[in-house]
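Okay, so here's the structure we're looking at.
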Amino acid sequence: MLDINFHLIIAQVITFLVGLFLLWLVAYKPIMGVFRKRADKIKEDLDAAESARVKMEASKAQYDSELAVLTEKGRQIVQQAARDGQQAREAILQDARAQSQDILRQAEERITVEKEKAIKELRQEVITLSMQIAEKVIQEAMNPDLNRRLANQTLDQLERKA
């Protein structure tokens with residue numbers, strides 16, 4: 001029947017354990033080392049990917065903030081240019097008004113000078129006419145009514161000319 005050989009079972013168990021120990025030394029540690037290295041590599045890759053994602057998000061946030069700042073600066077530059085244009089327009093209009101006032105003032109001065117010149121010429125003409133009247137009066141006669149009438153006629157003529 002069944003014969004159990006304990007020596008053989010013990011020898012097989014010992015051989016199995018020695019083989020298992022040798023496999024553990026030779027195969028298990030290197031295989032586990034490879035698995036550990038692979039797990040570490042995967043973990044490092046995941047950490048690097050996460051780090052890259054965080055950096056990318058930070059870069060995107062920085063880019064968005066810089067874009068907002070640049071947009072604001074651009075808007076401010078456009079507004080400043082509009083204000084500068086308005087100020088330049090006002091300055092040009094102010095200069096034009098000042099120049100037109102100067103031209104009007106100069107024209108008024110010329111008119112005044114010409115008016116004074118005309119008055120002087122008119123006085124000279126009055127004096128000349130008065131002299132002519134005086135000569136006529138003296139030549140005709142020394143009549144005071146005639147003198148007065150001639151002087152009034154001469155003054156009336158001058159007033160009509162003026």
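Each value in this text was obtained by applying a stated rule to the coordinates, not by laboratory testing. Worth saying up front: this structure is predicted, and the values here are computed from it rather than measured. Glycine gets a Cβ as well: all are built from the backbone with ideal geometry, and neighbour counts include every protein chain shown.
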Env charge @ Leu155, Cβ radius under 14 Å, K,R +1 / D,E -1, value +2
Of Ala61, Ala151, Val18, farthest towards positive along the dipole that unit charges on Lys, Arg, Asp, Glu beta carbons give the chain
Val18
Given unit charges at Cβ for Lys, Arg (+) and Asp, Glu (-), the dipole magnitude of region 7-161 about its Cα centre in debye, nearest 20, is 980 debye
Can you classify region 1-85 as rounded, prolate or oblate using the Cα gyration tensor, where a ≥ b ≥ c are the square roots of its eigenvalues, rounded means a/c under 1.5, and otherwise it's prolate if a/b beats b/c and oblate if not?
prolate
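Under 13 Å from the Cβ of Ser65, count the other residues' Cβ atoms, weight Lys and Arg +1, Asp and Glu -1, and hand me the total. Don't jump to the answer; show the numbers that get you there.
Numbers: positive: Lys60, Lys73; negative: Glu57, Asp64, Glu66, Glu72.
Overall, the nearby charge balance is -2.
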Three-way shape label, region 60-127, alpha-carbon gyration tensor, a/c 1.5:
prolate
Against the longest principal axis of the chain, how steep is helix 29-140, in degrees 0 to 90 to the nearest 10, with axes from Cα atoms?
0 degrees
With axes computed from alpha carbons, what is the tilt in degrees of helix 6-23 against the longest principal axis of the chain, rounded to the nearest 10 within 0 to 90?
20 degrees
In degrees, nearest 10, the alpha-carbon axis of helix 144-161 is tilted away from the dominant principal axis of the alpha carbons of the chain by 20 degrees
log₁₀ of I(q)/I(0) at q = 0.12, 0.16, 0.19 Å⁻¹ - region 7-161, Debye sum with one point per alpha carbon:
-0.90, -1.05, -1.16
